[in-house]
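Chemist: One structure follows; several queries about it will come next.
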Amino acid sequence: MMPERRAPDTAERPSPVGQTAPPADDAMLKSARRVRRNVEEERQARLAFLGTLAAGLAHEIRSPLEAIKLNAELLSEDIGCVHEGHRKEFENRLERVKREAEQLKKTLDEFLAFARPPKIEVFPTDINAYLRELIEFAEPEFRAAHINVVTDFADGLYPVAIDQAQMGQAVMNILANAREAIREHGEVRVATRETEKHVEIRIRDNGGGVKPELEEKIFEVFFTTRERGTGLGLGIARRVVEEHEGALILENRPGVGAEFIIQIPKGRYLEYSDAAAGAEKAK
Ligand SMILES: Nc1ncnc2c1ncn2[C@@H]1O[C@H](COP(=O)(O)OP(=O)(O)OP(=O)(O)O)[C@@H](O)[C@H]1O
Ligand SMILES: [Mg+2]
């Protein structure tokens, strides 16, 4: 170990009761602190660099993965060419390749969404119409699992400003969790309402809820209870909502179901209109 690193610990250690500590050498202390700060800065820089490398690597893996998926699909179409005796086995193996490639792609997409530096571009949005579109997109997977998606939208919502792509990912992650919690046969309710300061999106399921001791843990990155989960869904959702200066809250009913509430502040719309008005004036 480098002696400089040990110096501040020795100097700052409280003296045993009844003894007077020798006067600390001020210059030495300062230089030791500087070394410690440099070590910390270097660690941060290295971490940031690793993050960039990892994101780059994830990008590189995406294209060959797409090719694997596409070729597996093409092979499935030609399954008739395979000798009948081997066809079933062949088909199973191809399905496995497709499934694994799909899972890997999902993990990469989530990782990339997490590693990407946050930058949101907000626009005033009719939240009800926006949610209707998202639900329509997600519907087939819910229908396949016999899950009803019902809506309960408040009229005349304030047009809060959101980054539609990023908020869409947050909503989709929460919807996917609701579907996965229910597994089959159940109901997801998507509601909107307005409070004094926020517009709220509430997504409620009857999938049994979260164990009370896990209520905070589920928002941690890489925390998952699912065999095939990565544990990024809620981490991403919370970060996106917080970038909007909003909050993502869990209202949990253990044994019954979970409700996730996205609160979007109305203030951002004013910022947006001020900026737009400023740009108009400048013309
Ligand atoms: N609606 C829900 N009902 C019950 N438990 C939930 C619900 N949503 C999330 N959880 C719990 O929170 C954990 C973390 O969720 P998160 O979306 O972050 O990761 P994941 O779904 O496990 O994996 P993925 O990265 O694929 O989304 C889940 O594994 C699950 O235990
Ligand atoms: Mg998830």
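The values are calculated or read from the model by the stated rules, or taken from the named source; none is laboratory data. Owing to the predicted nature of the structure, the values given are computational and were not obtained by experimental measurement. Glycine also receives a Cβ, built like all others from the backbone with ideal geometry; neighbour counts cover every protein chain displayed. Areas reflect the complete protein model, heavy atoms only, side chains present, ligands, DNA and RNA absent. Shrake-Rupley method; radii C 1.70, N 1.55, O 1.52, S 1.80 Å.
Chemist: Tell me which trypsin sites (Lys or Arg not before Pro) from segment 52-157 have a DSSP coil assignment and no more than 14 other beta carbons within 10 Å of their own. It would help to have the intermediate numbers written out before the result.
Modeler: Values: sites: 62, 69, 87, 88, 93, 96, 98, 99, 105, 106, 119, 132, 143; in loops: 119.
Those satisfying the criteria are 119.
Chemist: In addition: Near residue 88, which aspartates and glutamates are there with a Cα under 18 Å away, not counting those fewer than 8 places off in the same chain?
Modeler: Output for residue 88: 73, 77, 78.
Chemist: Hey, another quick one. Looking at segment 171-234, which trypsin sites (Lys or Arg not before Pro) are DSSP coil and have at most 16 other C-beta atoms within 10 Å of their C-beta? Let's see the in-between values first.
Modeler: Numbers: sites: 179, 183, 189, 193, 197, 202, 204, 217, 226, 228; in loops: 183, 197, 226, 228.
Passing sites in segment 171-234 are 183, 197, 226, 228.
Chemist: Which entries in the list 98/119; 69/119; 98/211; 106/217 go over 28 Å, if you measure between the two C-alpha atoms of each? Working shown, then result.
Modeler: Details: 98/119 33 Å; 69/119 31 Å; 98/211 33 Å; 106/217 22 Å.
Violating the 28 Å Cα-Cα cut-off are 98/119; 69/119; 98/211.
Chemist: Taking 0.36 nm per residue of separation and subtracting the Cα-Cα distance, what length does fully extending residue 165 through residue 30 add? Write down the numbers at each step before the final one.
Modeler: On the way: separation 135, 0.36 × 135 = 48.60 nm, distance 4.82 nm.
Fully extending the segment from residue 165 to residue 30 adds 43.8 nm.
Chemist: Less than 10 Å Cβ to Cβ from residue 150, Lys/Arg counted +1 and Asp/Glu -1: what total charge do the surrounding residues give?
Modeler: Values: positive: 189, 204; negative: 152, 187.
Taking every Cβ under 10 Å from that of residue 150, the sum is 0.
Chemist: If R0 is 22 Å, what FRET efficiency do you get for residue 197 and residue 119 from their C-beta distance, rounded to 0.05? The partial results should precede the final answer.
Modeler: Values: r = 24 Å, r/R0 = 1.11.
Efficiency for this residue pair is about 0.35.
Chemist: For a quick check of understanding: with a 1.4 angstrom probe and all protein chains in place, what accessible area in square angstrom does residue 120 have, to the nearest ten?
Modeler: 40
Chemist: Work out from phi, with θ = phi - 60° and the Karplus expression 6.51 cos²θ - 1.76 cosθ + 1.60, the ³J(HN,Hα) of each residue of segment 242-258, listed in order in whole Hz, and give x for Gly and Pro.
Modeler: 5, 5, 8, 6, x, 9, 10, 10, 9, 10, 9, 10, x, x, 10, x, 10
Chemist: Pairs of Cα atoms under 8 Å, at least six residues apart: use those to get the relative contact order of segment 123-270, whole percent. Each step should come with its number before you reach the end.
Modeler: Working: 282 pairs, mean separation 38.1, N = 148.
It rounds to 26 percent for segment 123-270.
Chemist: Quick query: amide H of residue 199 versus all other amide H atoms, modeled in the peptide plane; which residues come in under 5 Å with a sequence gap of 5 or more or a different chain?
Modeler: Hits under the 5 Å cutoff: 264, 266.
Chemist: Moving on. If you plug each phi of segment 206-212 into the Karplus form 6.51 cos²θ - 1.76 cosθ + 1.60 with θ = phi - 60°, what whole-Hz ³J(HN,Hα) values come out, in order, with x for Gly and Pro?
Modeler: The phi angles translate into 10, x, x, x, 10, 4, x Hz.
Chemist: Shifting gears a bit: What does the extension gain come out to for residue 251 and residue 106, with contour length at 0.36 nm per residue minus their alpha carbon separation?
Modeler: Working: separation 145, 0.36 × 145 = 52.20 nm, distance 2.71 nm.
Extra length from residue 251 to residue 106 when fully extended: 49.5 nm.
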